[in-house]
Amino acid sequence: MEEPADLYADPDDDLVSLHAATPHLFDDLDPLERQVVAARYGLDGLPPRSMRDLQHELGLPRPELRTALGGGLLKLRNRVG
């Protein structure tokens with residue numbers, strides 16, 4: 001049986017846990033997938049960025065960024081699911 005989420009937990013604890021687990025979760029991702037997922041969700045220590053921001057930051061076309069984000073998220077879902 002799955003444990004219910006603690007709605008009163010300190011969100012900073014969750015963020016610390018996520019950052020601590022990130023290197024292991026991202027092991028199967030390609031470098032671009034890792035970079036896009038981390039930047040999109042703010043796992044790189046910076047605020048989360050929009051796809052438009054990433055397009056300008058990385059100089060890549062939006063379809064390539066979408067493919068990298070989708071592929072990275074699929075790999076992460078398969079790994080934790």
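Below is a table of values for the structure above.
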quantity	calculated
By average C-beta atoms within 10 angstrom, highest first, the peptides 45-56, 63-74	63-74, 45-56
Global form of the range 29-80, assessed from the alpha-carbon gyration tensor, a/c cut-off 1.5	oblate
Cβ-Cβ FRET estimate between residue 30 and residue 53, R0 fixed at 25 Å, reported to 0.05	0.75
Inter-label distance for residue 76 and residue 41, nm, one decimal - labels placed 7 Å from Cα along Cα-to-Cβ	0.2
Karplus (6.51, -1.76, 1.60) ³J(HN,Hα), θ = phi - 60°, over the range 69-78, in Hz, Gly and Pro reported as x	5, x, x, x, 5, 4, 5, 5, 4, 5
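Bear in mind these aren't lab numbers, they're just calculated from the coordinates by the rules spelled out. In this text the structure is predicted, and so the values were computed from the model without any measurement. Using ideal geometry, Cβ is built from the backbone for each residue, glycine included, and neighbour counts are taken over all protein chains shown.
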